[in-house]
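The values are calculated or read from the model by the stated rules, or taken from the named source; none is laboratory data. No experiment lies behind these values; they were computed from the predicted model shown. Neighbour counts are summed over all protein chains in view; Cβ atoms, including those assigned to glycine, are modelled from backbone coordinates with ideal geometry.
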Amino acid sequence: MKLEMPVNTQRIALWGAPGSGKSWLANALGRSLMNFRQDDPDFSYELREYSDEKFAPFVTPIAPPIYQPTNDLADFMWLFRRKAKQKTFAHNISSNTHILHIYDINGLESVRLTDRVKQNYTDVQLILLTLDPVMLNKDGKKTVNKEVGNSDGQTGSNEHSIMTRELYLLSIKRLLDYIGETNNKHPLIAVCVTKQDLWKEDIPAEMAIKHWFGQQMFDLFIQYSGEFKIKTFIMTSCGWLDDDARKPNYNKITGKLLNVSQWKPRGVINPFFWFLDNREREMLLPKKNLFRSFLERNPLRHFISYPTVD
Ligand SMILES: Nc1nc2c(ncn2[C@@H]2O[C@H](COP(=O)(O)OP(=O)(O)O)[C@@H](O)[C@H]2O)c(=O)[nH]1
Ligand SMILES: [Mg+2]
């Protein structure tokens, strides 16, 4: 099937340490949308695989996460659509279709910002930073993972990751400085604090950065928020079990889900909805011709926000 509706391509890059949950997050988005509010009275939501200007005729059931490390620069495209169920002006302007072109980048190279991957962070509209408190190397002990130099690491069992608070701070600052210098139009920055199912404490999103990554990291995001639009989200790509709401749907030994049929990621949709909300509002901004936009209905006032999903 050829595409006939207007689409906007949104380039999205993932940044984060090996094993911090980048690939799972990308996969969990598909699953979350499948689980998400098909009974919504205003809109339906669709996500399809997309290639060669064609999209899969059926909503593709997105498989559980792939467990392989991302060695190369993997990129893939999804067609996302929010489709109105009602025929009002507001619903009409709030119905859009996007191609989400996602760049899943090797963890070590992203943290080091090597020349090979640098390019992927310029000219994107959204960067998802995955910050993983579970794998944080709290006391700076040497890493026990011998392969850490050349792969994305099977990190579930790796007790001392390379990522210390200092390294997070340094590498995120380097990334934001680089983008600040090279892009004239800055991407949105979604700070994704991952693996919430494994946290021992209940930490709200506003506190997560300070709590896990320290005051300096918190201050860094404040400092850059003049230049970038930055927002923090907390999430789990595997979620909890239905029958035991406190038990992660996660097998620590195998690094897989315990129960695929109960797979319910939590919080994963929010950075994407935040991003699309911003993009669509931007697209509705009044045109240069002030007189015309005065005569026309200001669509921005009618735009229906994307929901926050808990
Ligand atoms: N418990 C839990 N484990 C996760 C979550 N996300 C990822 N993992 C685990 O961390 C490993 C690395 O995740 P992955 O997405 O491959 O990390 P990447 O290297 O950043 O792409 C996975 O194989 C899982 O075992 C999560 O939300 N909760
Ligand atoms: Mg990966």
Counting only strands (runs of 3 or more DSSP E) entirely within region 96-213, those with at least 3 residues that are modelled with pLDDT under 95 and not small (Gly, Ala, Ser) are 96-104
Flagged in region 77-95 as assigned to a loop (DSSP other than H, G, I, E, B) and crowded, with 21+ Cβ neighbours inside 10 Å, in numbering order, are SER94
Residue hits (region 209-224; touching a strand residue (DSSP E or B) at 6+ places or on another chain (Cβ under 6 Å) and more than 16 Å from ASN137 (Cα to Cα)) are PHE221
Any residue that is of a type in the set (Gly, Ala, Ser), more than 20 Å from the chain's Cα centre (by Cα) and surrounded by 15 or more Cβ atoms within 10 Å (Cβ to Cβ) - is there at least one of those in region 171-187?
no
Result of the Cβ filter at 9 Å on region 9-34, keeping first residues that are within 13 Å of CYS238 (Cα to Cα) and without any contact (Cβ under 8 Å) to a residue 12 or more places away in the chain and partners that are within 11 Å of ligand 2 (Cβ to nearest atom) and in a helix (DSSP H, G or I), at least 6 apart or interchain, is none
ask   = Does at least one position in region 4-12 carry a residue that is within 16 Å of ligand 1 (Cβ to nearest atom), at pLDDT below 85 and of a type outside the set (Lys, Arg)?
value = no
ILE162 vs (1) among the hydrophobic types (A, V, I, L, M, F, W, C); (2) within 22 Å of LEU108 (Cα to Cα); (3) away from ligand 1 (no atom under 13 Å from the Cβ): all pass except (3)
So for region 20-43 (the condition being charged (D, E, K, R), at pLDDT below 90, farther than 23 Å from SER171 by Cβ and within 16 Å of ligand 1 (Cβ to nearest atom)), does at least one residue qualify?
yes
### Message
Can you confirm whether SER293 is touching a Lys or Arg at 6+ places or on another chain (Cβ under 6 Å), among the small types (Gly, Ala, Ser) and either at pLDDT below 90 or assigned to a helix (DSSP H, G or I) (or both)?
### Response
yes
Among residues of region 214-242 being of a type outside the set (A, V, I, L, M, F, W, C) and assigned to a loop (DSSP other than H, G, I, E, B), the residue nearest to ligand 2 (Cβ to nearest atom) is SER237
Of (1) touching a residue at least 24 places away in the same chain (Cβ under 8 Å); (2) within 21 Å of TYR306 (Cα to Cα), THR88 satisfies every one except (1)
